[in-house]
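Colleague: The structure's right below; bear with me while I get my questions together.
Bear in mind these aren't lab numbers, they're just calculated from the coordinates by the rules spelled out. None of these values were measured; they are calculated from a predicted model. Heads up, the Cβs are rebuilt from the backbone with ideal geometry, glycines too, and the neighbour counts pull from every protein chain shown.
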Amino acid sequence: MMDTSGKSWYAVHTRPRWEKKVAGQLAKKRLEYYCPLNKVQRQWSDRKKIILEPLFTSYVFVRLSETEHLPVLQTDGVLSFVYWLKKPAVIQDAHTNVWTPVRACPSLSSSAGLVVGTAPCAPITQQCFGMWSA
């Protein structure tokens, strides 16, 4: 679905492990994007380290009008848009409304937890991170 500005959200398929690089290149092109990140602890042989890894591996979300598709496809690391019925699949506004609390609350500390879903026994809490452009 499109909003009043004529722009819609699309999912872009990227090369493996290129999500942050693609997000940086989209920022240089002044395109609106969203790359949700998850804070995880990884262990190496000599230390533990907390890193930010993409929540959706090999995907970045972009908000574009139909005329802005070509600059995205010309971005290094972008393989293609996600297609449905031979057209780039538009992500409906009902699904993107989940992102707005993250974007609208920059005063949240990096350790603030948000409830992102519920299970039969307990809510699933996820830390709030992401790379945004606006």
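Colleague: Between residues in the stretch 4-24 that are more than 18 Å from Glu66 (Cβ to Cβ) and residues that are surrounded by fewer than 13 Cβ atoms within 10 Å (Cβ to Cβ), which pairs lie under 6 Å by C-beta distance while being six or more apart or on different chains?
Modeller: From the stretch 4-24, the pairs are His13/Ser80.
Colleague: Are there any pairs, at least 6 apart or on different chains, whose C-beta atoms fall under 6 Å, with the first in the stretch 25-52 and touching a residue at least 12 places away in the same chain (Cβ under 8 Å) and the second of a type in the set (Lys, Arg) and surrounded by 11 or more Cβ atoms within 10 Å (Cβ to Cβ), and if so, which?
Modeller: What qualifies is Glu32/Arg63; Leu52/Lys39.
Colleague: Any idea which residue in the stretch 20-49 is surrounded by the fewest Cβ atoms within 10 Å (Cβ to Cβ), counting only those that are among the aromatic types (Phe, Trp, Tyr) and under 21 Å from Ser5 (Cβ atoms)?
Modeller: If we filter the stretch 20-49 for residues that are among the aromatic types (Phe, Trp, Tyr), which is where we start, we get 33-34, 44.
Next, only the ones that are under 21 Å from Ser5 (Cβ atoms) stay: 33-34.
On the way: Tyr33: 24, Tyr34: 20.
Top of the filtered list is Tyr34.
Colleague: Let me ask something else about it. Filter the stretch 9-19 for residues that are crowded, with 17+ Cβ neighbours inside 10 Å and in contact with a Gly (Cβ under 8 Å, 6 or more places away or on another chain); which is nearest to Phe81 (Cα to Cα)?
Modeller: Per the criteria, the residue is Thr14.
Colleague: For the stretch 32-85, give me the residue count where each residue is in a helix (DSSP H, G or I) and among the aliphatic types (A, V, I, L, M). Break it down into steps so the answer makes sense when it comes.
Modeller: To start, the set of residues in the stretch 32-85 that are in a helix (DSSP H, G or I) comprises 66-73.
Those still in the list that are among the aliphatic types (A, V, I, L, M) too: 70, 72-73.
Counting residues in the stretch 32-85 that are in a helix (DSSP H, G or I) and among the aliphatic types (A, V, I, L, M) gives 3.
Colleague: Now, a different point. Looking at the stretch 1-50, which of the residues that are in contact with a strand residue (DSSP E or B) (Cβ under 7 Å, 6 or more places away or on another chain) and among the polar types (S, T, N, Q) is nearest to Gln74 (Cα to Cα)?
Modeller: Applying the filter and picking the extreme gives Thr14.
Colleague: Mind listing just one residue for me: the one in the stretch 50-67 that is polar (S, T, N, Q) and surrounded by fewer than 15 Cβ atoms within 10 Å (Cβ to Cβ) and, of those, nearest to the chain's Cα centre (by Cα)?
Modeller: If we filter the stretch 50-67 for residues that are polar (S, T, N, Q), which is where we start, we get 57-58, 65, 67.
Those left that are additionally surrounded by fewer than 15 Cβ atoms within 10 Å (Cβ to Cβ): 57, 65, 67.
Working: Thr57: 10, Ser65: 18, Thr67: 21 Å.
Checking each candidate, the answer is Thr57.
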